[in-house]
């Protein structure tokens, strides 16, 4: 059994991209498999009303993002986007490359609430 970690990261060209990584579930019992314990640096809850949309930005501190309610769309500089629904997640780690000055035409991603329900998210710092 395995867990698929969706990762929003900064590529070698400084642009945000999605990739997937497998996390092995090697602990626990056959009926409840667990990953190894991972460190965390606290968590925050956020509620975004219908119509919310951010500007392009980079993640300041890598963190897990869990969708608890509503729907969240993440858009990239290449024009692609991905929608996350309740029960889904991603690991946001598209930080600004070392030594770079933020350029909203090159770096980061945008996010928005999708549909009629408020977006409810849980952020867990990595």
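Numbers at a glance
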read-out	value
Label of the coordinate-derived value, Cα extents along the principal axes in Å, listed as (i) 69, 34, 22; (ii) 40, 32, 26; (iii) 48, 38, 26	(iii)
Relative contact order %, the range 2-125, counting alpha carbon pairs below 8 Å whose residues are six or more apart	36
Highest-first arrangement of 119-125, 34-40, where packing means the average Cβ count within 10 Å	119-125, 34-40
DSSP-defined antiparallel bridges as percent of all bridges, the chain, nearest 5	95
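Taken together, the values in this text are just the output of simple stated rules run on the coordinates, not laboratory data. In this text the structure is predicted, and so the values were computed from the model without any measurement. Glycine gets a Cβ as well: all are built from the backbone with ideal geometry, and neighbour counts include every protein chain shown.
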